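These notes concern the structure reproduced below.
Please treat every number below as a calculation from the coordinates, not as lab data. Values in this document were obtained by computation on a predicted structure and should not be read as measured data. Here the Cβ is made from the backbone with ideal geometry for all residues, glycine too, and neighbour counts use every protein chain on show.
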Amino acid sequence: MPKSSRRQKLTDEELKAENQKIRKEMAQNYTDPEMQKRIVETLSMRNIAAYAMVLFLPPVGIWYIWTRREKLYLNDASVYSWTFVGIVIFIGYLQLIWSGIIG
């Protein structure tokens, strides 16, 4: 039996009520003042400069992001992601340097 035929069919009224409930939950999640402030602050010039530092000077940028993550309003997932990006770029820089020395 196909998966779609096993799903419960909702009436129009039930579907509208379910959509209303989901919209209400989403509105509560995105209207949290702390969440709004974090979203706005992650696009500030200070944060963009920190991201650029991770891209061009990975050791300094990673250190900066980890020491000032509260001021930059970065959550743990963002810090870990930018750390991973910095490490990958740093390894790429080391490979370029190594190929310049050897090659």
- Message: Multiplying the sequence separation of residue 80 and residue 44 by 0.36 nm and subtracting their Cα-Cα distance, what value in nm do you get?
- Response: 11.0 nm
- Stretch gain in nm, segment residue 26-residue 88, where the contour uses 0.36 nm per residue and the Cα spacing is subtracted: 18.8 nm
- Task: Express in nm, to one decimal, how much length is gained between residue 37 and residue 68 on full extension, taking 0.36 nm for each residue of separation and deducting their alpha carbon distance.
- Result: 9.5 nm
- Message: Just to confirm the number: angle between the C-alpha axis of helix 45-56 and the first principal axis of the chain, 0 to 90 degrees, nearest 10?
- Response: 60 degrees
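If you count, for each residue, the other Cβ atoms within 10 Å and average over each peptide, how do 34-43, 58-67 line up from highest to lowest?
Those peptides, ordered most packed to least, come out 58-67, 34-43.
For the chain, divide the Cα radius of gyration by the Kirkwood radius and give the resulting Rg/Rh value with two decimals. Can you show the working numbers first?
Details: Rg = 22.6 Å, Rh = 17.5 Å.
Ratio of gyration radius to Kirkwood radius: 1.29.
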